[in-house]
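Colleague: Pasting in a structure now, in structure tokens, and then I'll have a few things to ask.
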Amino acid sequence: MRVFVTGATGFIGSAVVKELVAAGHQVLGLCRSDGKAAALAAAGAEVHRGSLEDLESLRKGADRSDGVLHLAFNHDFSKFAANCEDDRRVIKALGSLLAGSRRPLVITSGTGMANTTPGEPAREDNPTIGSGVIPRAASEEAGDAAAAAGVNVSVVRLPQVHDPVKQGLLTPAIELFRSRGACAHIGDGGNRWPAAHVLDVARLYRLALEKAEPGAKYHAVAEEGVPMRAITETLGRRLNLPVKALAPEEAQAFFGWLAGFAGHDMPASSEQTRRKLGWEPSGPGLLADLEAWVPPEG
């Protein structure tokens, strides 16, 4: 299968490209820079010049492919809502080339879209939260609209995706902790974040593509919920920084834009995903990768 991959040079996307190539698929990877194009070609993919802003380049990539994996997203959280609406437009553009065919479109969202019952893990078939509450839900709303237009679309929802170099939202949190001179959690730190190793996530994207089940929702979750206190204690030890508990009213001043995530309890289940796809994550856990992480100097 020839697969068009957006975000092909990113943290997760580069692992997905290698997974697809190893499984015998041809990869057409979206890329806008010369430096990253060389790395993409070295991984065995064909480079497709374009960007998220150039919708015509996206339509051309989709038109040349047997299926599309859409992983690209602008993670500038200073304009998060606008970026989510941009993703809605991207998904619409990709879907416009795939409508009426069986060619799969796999889009990306977050497990938090299905955290609808406080204290309970998000499940794949839970009702979802709308974009008026969580802007990132715009992607799933766009997927629903594409499905209604005859696109074979499915969703991979991500937790904190990690390896010893990057750890999802913890990567900017680490920089924040270093600048603040302390690692912090809110209250007792009992709120939980789901997680999965990047290679396990890459394999799940491939399986979702090959299954091509219309309307399916998959949770790329290896660990249902790692307590925030365990995370901050691990980072405090690795960074040689004190760990402190913040009152909820102190969160915004300490965390800034991360305050919207830092205190949330976001456990997520992948039971249905594992059963449907035969996916069994085997990579290291989040805390193990934090233990293996080498703090930068300075």
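Please treat every number below as a calculation from the coordinates, not as lab data. Because the structure is a prediction, the values reported are computed rather than measured. Because the Cβ atoms are built from the backbone with ideal geometry, glycine has one as well, and the counts that use them run over all protein chains shown.
Colleague: Hey, if you put +1 on the Cβ of every Lys and Arg and -1 on every Asp and Glu Cβ in the chain, which of His48, Ile231, Trp293 ends up farthest toward the positive end of that dipole?
Modeller: Ranked along the dipole, the leading option is His48.
Colleague: Scan segment 1-91 for GluC sites (Glu not before Pro) in coil per DSSP, keeping those whose Cβ has at most 16 other Cβ atoms within 10 Å, and list them by number. Don't skip to the answer; put the middle values down first.
Modeller: Numbers: sites: Glu19, Glu46, Glu53, Glu56, Glu85; in loops: Glu53.
Sites meeting the loop and neighbour criteria: Glu53.
Colleague: On to the next question. Quick check on the chain: of the DSSP beta bridges with both residues there, what percent are antiparallel, nearest 5%?
Modeller: In the chain, DSSP labels about 10 percent of beta bridges as antiparallel.
Colleague: Same structure, new question: Calculated from the structure, Rg and Dmax of the Cα atoms in Å equals which of [x] 21.8, 67; [y] 18.9, 57; [z] 35.2, 107?
Modeller: Of the labelled values, this structure produces [y].
Colleague: Next question, about the same structure. Roughly what % of Cα-Cα distances in segment 108-202 sit above 24 Å, to the whole percent? It would help to have the intermediate numbers written out before the result.
Modeller: On the way: 1546 of 4465 pairs.
For segment 108-202, the fraction of Cα-Cα distances above 24 Å is 35 percent.
Colleague: Quote to one decimal, in nm, the extra length available between Ala288 and Arg275 on full extension: 0.36 nm per residue of separation minus the C-alpha distance between them.
Modeller: Length gained between Ala288 and Arg275: 2.1 nm.
Colleague: Applying 1/(1 + (r/R0)^6) with R0 = 22 Å to the Cβ-Cβ distance of Lys36 and Val165, what FRET efficiency is obtained, to the nearest 0.05?
Modeller: Approximately 0.85, to the nearest 0.05.
Colleague: Do any of Lys36/Lys92; Lys36/Lys60; Lys36/Lys166; Lys18/Lys211; Lys79/Lys244 go past 24 Å between their Cα atoms, and which?
Modeller: Lys36/Lys92; Lys79/Lys244
Colleague: Read phi for every residue in segment 102-114 and hand back ³J(HN,Hα) as whole Hz from Karplus 6.51 cos²θ - 1.76 cosθ + 1.60, θ = phi - 60°, with x for Gly and Pro.
Modeller: 8, 4, x, 10, 9, 10, 10, 9, x, 5, x, 5, 10
Colleague: Sticking with this one: Amide H to amide H under 5 Å from Leu246: which residues, 5+ apart in sequence or cross-chain, H placed 1.01 Å off N in plane?
Modeller: Amide H to amide H, under 5 Å and 5 or more residues apart or across chains, Leu246 pairs with His185, Ile186, Gly187.
Colleague: Here's another thing I want to ask about it. Please state the relative contact order of segment 30-77 as a whole percent: Cα pairs under 8 Å, 6+ residues apart?
Modeller: On the way: 28 pairs, mean separation 13.8, N = 48.
Answer for segment 30-77 is 29 percent.
Colleague: Taking springs between alpha-carbon atoms closer than 10 angstrom, which of His162, His48, His219 fluctuates most in the Gaussian network model of the chain?
Modeller: With Cα springs under 10 Å in the chain, the top fluctuation among His162, His48, His219 is at His48.
Colleague: Moving to a separate point now. Considering the zone a paramagnetic label at His75 would reach in this model (a point 7 Å from Cα along the Cα-to-Cβ line), which residues of segment 166-181 have amide N under 13 Å from it?
Modeller: 166-175
Colleague: A further question on this structure: Pick out which of Ala247, Ala230, Ala262 has the largest mean-square fluctuation in a Gaussian network model of the chain, springs linking Cα atoms closer than 10 Å.
Modeller: Result for the chain, Cα springs under 10 Å: Ala247 fluctuates most.
Colleague: Could I ask something else about it? Pick from Gly283, Gly61, Gly132: which is most flexible by mean-square fluctuation in a GNM of the chain where alpha carbon atoms under 10 Å apart are linked?
Modeller: Largest GNM mean-square fluctuation: Gly132.
Colleague: Rank the residues Ile91, Ile231 as a footprinting-exposure proxy: fewest other Cβ atoms within 10 Å of their Cβ go first. Working shown, then result.
Modeller: Working: Ile91 27, Ile231 24.
Listed from fewest to most nearby Cβ atoms, that is Ile231, Ile91.
Colleague: A further question on this structure: Kirkwood hydrodynamic radius of segment 18-115 from all distinct Cα pairs, in Å? Present the calculation step by step, with values, prior to reporting the outcome.
Modeller: Working: mean 1/r = 0.0685 Å⁻¹.
Its Kirkwood hydrodynamic radius stands at 14.6 Å.
Colleague: Quick one: putting +1 on the C-beta of Lys and Arg, -1 on the C-beta of Asp and Glu, what dipole do you get for the chain around its Cα centre, in Debye to the nearest 20?
Modeller: Around 560 debye, computed over the chain.
Colleague: Here is a follow-up. From the convex hull of the Cα coordinates of segment 115-163, what is the mean projected area in square nanometres?
Modeller: Computing the convex hull of the Cα atoms and averaging its projections yields 4.6 nm².
Colleague: Can you work out the base-10 log of I(q)/I(0) for segment 36-178 at q = 0.12, 0.14 1/Å, using the Debye formula on its C-alpha atoms alone?
Modeller: Evaluating at q = 0.12, 0.14 Å⁻¹ gives log10 I(q)/I(0) of -0.57, -0.77.
Colleague: Hey, got a sec? Which GluC sites (Glu not before Pro) in segment 190-298 land in a DSSP loop and have at most 16 other Cβ atoms within 10 Å?
Modeller: Working: sites: Glu210, Glu223, Glu224, Glu233, Glu249, Glu250, Glu271, Glu291, Glu297; in loops: Glu297.
Answer by residue number: Glu297.
Colleague: At a 10 Å Cβ-Cβ cut-off, how would you order Val47, Val3, fewest neighbours first?
Modeller: Val47, Val3
Colleague: Tell me, what HN-Hα J-couplings in whole Hz come from the Karplus equation 6.51 cos²θ - 1.76 cosθ + 1.60 at θ = phi - 60° for each residue of segment 85-100, using x for Gly and Pro?
Modeller: Those phi angles translate into 5, 4, 5, 4, 5, 4, 5, 4, 5, 5, x, 4, 8, 10, 4, x Hz.
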